[in-house]
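Take a look at the structure set out below.
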Amino acid sequence: MHSNHLLLEEPIRMASILEPSKSSFFPAMAKIVGTLGSRSRSVDVISACLKAGMSVARFDFSLGDAEYHQETLENLKTSIKSTKKLCAVMLDTVGAELQVVNKSEKAITLKADENVILTPDQGQEASSEILPINFAGLAKAVKKGDTIFIGQYLFTGSETTSVWLEVNEVKGDDVVCVTKNSATLAGSLFTLHASQVRIELPTLSDKDKQVISSWGVKNKIDFLSLSYTRHAEDVREAREFLSKLGDLSQTQIFAKIENVEGLTHFDEILEAADGIILSRGNLGIDLPPEKVFLFQKSAVYKCNMAGKPAVVTRVVDSMTDNLRPTRAEATDVANAVLDGCDAILLGAETLRGLYPVETISTVGKICAEAEKVFNQDQYFKRTVKFVGEPMTHLESIASSAVRAALKVKASVIICFTSSGRAARLIAKYRPTMPVLSVVIPRLKTNQLKWSFTGAFEARQSLIVRGLFPLLADPRHPAESTNATNESILKVALDHGKASGVIKSHDRVVVCQKVGDASVVKIIELED
C-alpha cells in the first residue's frame, strides 16, 4: 500500500491556500452522519443540520427509548419537507455494550490511586467507591492488570470527563479496580470498555431485536449500524433477522468495528456487510495509539477496493464543547478524506454538543478542501489495477464512465439506475465531479398489493461519497424507451442546473441502459 496517492503531484501555491472557498450546493463529496439527541432534536436545529450538510441521521438506542426517538424522527421528517433535503435514517444498536448505571444522576468524582468497585448489583447507588454495571459476567472475563475505561457516551480520552481503571482483584461477582486518573463522571449512563477482553454477550441483543422489529419496521430504516461486530456470522444473523421483517429486507447493514476481535476478522466481516463503520472510540482504546492510523488506512483501502462505504468516527471530539476543532482534529478529518473514506460520523458532537450545526458545517468545509487535493488519477489507476481483467460488465461500464468524464472535464455524471448498484460502482472510482444517481422506481407485488421500490435505493446513496440521488417519476418504467430516457434526462439536467452544478456549455456524461445494452454517452449543453 503506497502513500503517494494521497496528494496531487503538482505543488500547491501557498498563497492559494488563503483564497476563499467557492460555495456549492453540495457542501462536500464526502457525507456526514449526524447523531440526533438532546441538543439536536428540534425542527429548527435539524433543519439547520440538513442545510449544513448532514445526509444521514443516526438514532443511538444506547440512550433514550423508542418514544423519545420517534419524536425526534417526526421532527426530522418535518425538517426534510421544509428544507427539501433528503436524509437517510440509521438505527444504531446497543449490542454487547457495557454500561455503568447512575440512577441518581449525581456527578461522581473519582480520585487517582483510589479503589473503586464495579458490581453487577444494580440496586446499589453509584458513588466514588462503588459503580453498579449492567453485566454480571465481568468478574469472569477480566483478570488482575486488565484495563477498563469509563466515560459518558463513549470514552473521550479527556482526563477530566473519562477515567481509566486497572483491575486489582476479583471478589466474587465484584471487580476491585484502582483509579489511574482523577475525573468527574456526569450523567445517568456511562459506557464501560474492557480493553482486549472478550465479553460473552450477543451482538444483537433481545432489546435490539425488539427495537428493530417495532421502531425499525415502523419507520423503514435505511441502515442498521451493528455495534460490536466481531465475526461475519454476526452480520449474517442480523441479515437473516431483517429478512423476516418484510420492509427491512432491503435495509443495509453497516458493521461497526470497535474491538480487536472485529479487527482480526475484518476481511470476512467486510465481505458480509454492506459497509463498515470504523468506530475509533472503543477501538482506539483496544489498540496502542501508534497503531490506530494503520488500522484506519488499511481498513479504508479494503473498503474502497470492495466498493463498500467506509465511515470514520470520533474526529472532532473537542467540538462537543468548543466552536472550533483543534488543529490535529482538522488535519484528522482531512486525512480521513485523503485515505478515501465515504463519510464522517459525528456522535457526541451533535448528540449533546453545544454546536451541532457549526460542527457539521466545519467538518463539511474541511472535507471539501481535502477533496480538492485528492489524487484521483492515482486512485483510479490503483482501483482499475486491483479489479483486474477481465472486468465484469457493470464494472467496465462504471470505470469507462468515470474515465470519459475525467477526459472531457465533465461537470457531472448522470446515472440511471433501479437498484442503485451501477451508481455505487461509478462512485467507487471516486470521480472528481458529483454523480447524480437517478433512481427509476420499479413496480412490484406480493400478490396482495402493489408497491414501488426506489425510495430505499435513493436514500441509501446518501452515505456514499460523491453520490447524490434523485428519485424519478414512477410513471417512467425501468425498461424505458429512448423517448422516456430523454424525458428523465431533462429532469436530471434541470435538477443539476437548479443545484448550480451544471451550466451552459458544460459537458455531462450519462450512463444508462437502453434495452439490453449499457450505454455511456457525452452530451454538451447549449444555452
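Could you tell me whether ILE285 is surrounded by 21 or more Cβ atoms within 10 Å (Cβ to Cβ) and at pLDDT below 95?
It is true that ILE285 is surrounded by 21 or more Cβ atoms within 10 Å (Cβ to Cβ) and at pLDDT below 95.
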Of the conditions (1) farther than 22 Å from GLY151 by Cβ; (2) surrounded by fewer than 19 Cβ atoms within 10 Å (Cβ to Cβ); (3) of a type in the set (D, E, K, R), the single one that ASP321 does not satisfy is (1)
Next item on the list: Assess whether LEU63 counts as being hydrophobic (A, V, I, L, M, F, W, C), closer than 14 Å to PHE190 by Cα and open to solvent by 50 Å² or more (accessible area, probe 1.4 Å).
Entry: yes
Within the range 247-273, restricting to residues that are open to solvent by less than 10 Å² (accessible area, probe 1.4 Å) and aliphatic (A, V, I, L, M), the one that is farthest from ARG198 (Cα to Cα) is LEU248
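When the residues of the range 67-90 are narrowed to those that are part of a strand (DSSP E or B) and out of contact with any helix residue (DSSP H, G or I) (no Cβ under 6 Å at 6 or more places or on another chain), which ends up surrounded by the fewest Cβ atoms within 10 Å (Cβ to Cβ)?
This residue is VAL89.
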(message) Against the definition (at positive phi, surrounded by 12 or more Cβ atoms within 10 Å (Cβ to Cβ) and either touching an Asp or Glu at 6+ places or on another chain (Cβ under 8 Å) or assigned to a strand (DSSP E or B) (or both)), how does GLY95 come out, yes or no?
(response) yes
Among ILE276, ILE344, the single one that is of a type outside the set (Asp, Glu), crowded, with 24+ Cβ neighbours inside 10 Å, touching a strand residue (DSSP E or B) at 6+ places or on another chain (Cβ under 6 Å) and without any contact (Cβ under 8 Å) to a residue 60 or more places away in the chain is ILE276
Worksheet item: Does LEU248 satisfy the criteria of being assigned to a helix (DSSP H, G or I) and either in contact (Cβ under 8 Å) with a residue 24 or more places away in the chain or over 17 Å from ILE277 (Cα atoms) (or both)?
Response: yes
Selection from the range 429-486 of residues of a type in the set (Lys, Arg), at pLDDT 65 or above and open to solvent by 50 Å² or more (accessible area, probe 1.4 Å) yields ARG442, LYS444, ARG459
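This table checks each residue for (1) open to solvent by less than 20 Å² (accessible area, probe 1.4 Å); (2) assigned to a loop (DSSP other than H, G, I, E, B); (3) touching an Asp or Glu at 6+ places or on another chain (Cβ under 6 Å); (4) not aromatic (Phe, Trp, Tyr).
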| position | (1), (2), (3), (4) |
| --- | --- |
| GLY364 | yes, no, no, yes |
| TYR379 | yes, no, no, no |
| ARG382 | no, no, no, yes |
| MET391 | no, yes, no, yes |
| ARG403 | no, no, no, yes |
| ALA410 | yes, yes, no, yes |
Cβ pairs under 8 Å, 6+ apart or interchain, first in the range 418-429 and within 15 Å of MET305 (Cβ to Cβ), second assigned to a loop (DSSP other than H, G, I, E, B) and open to solvent by 20 Å² or more (accessible area, probe 1.4 Å), ordered by first then second residue, are ARG424/GLY307; LEU425/GLY307; LYS428/GLY307
Checked against (1) in a strand (DSSP E or B); (2) farther than 19 Å from GLY64 by Cβ; (3) not acidic (Asp, Glu), GLY151 satisfies every condition except (2)
| message | For the structure I just gave you, tell me whether THR160 is open to solvent by 20 Å² or more (accessible area, probe 1.4 Å), assigned to a strand (DSSP E or B) and polar (S, T, N, Q). | response | no
ARG352 meets each of (1) open to solvent by 30 Å² or more (accessible area, probe 1.4 Å); (2) touching an Asp or Glu at 6+ places or on another chain (Cβ under 9 Å); (3) within 19 Å of ALA57 (Cβ to Cβ) with one exception, condition (2)
Does THR191 satisfy the condition of being among the polar types (S, T, N, Q), open to solvent by less than 50 Å² (accessible area, probe 1.4 Å) and within 27 Å of the chain's Cα centre (by Cα)?
-> yes
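The values are calculated or read from the model by the stated rules, or taken from the named source; none is laboratory data. The model shown is predicted, which means the values in this text are computed figures rather than measured ones. So basically every Cβ, Gly included, is an ideal-geometry build from the backbone, and we count neighbours across all protein chains shown. SASA here: full protein model, heavy atoms, side chains in, ligands and nucleic acids out. Shrake-Rupley method; radii C 1.70, N 1.55, O 1.52, S 1.80 Å.
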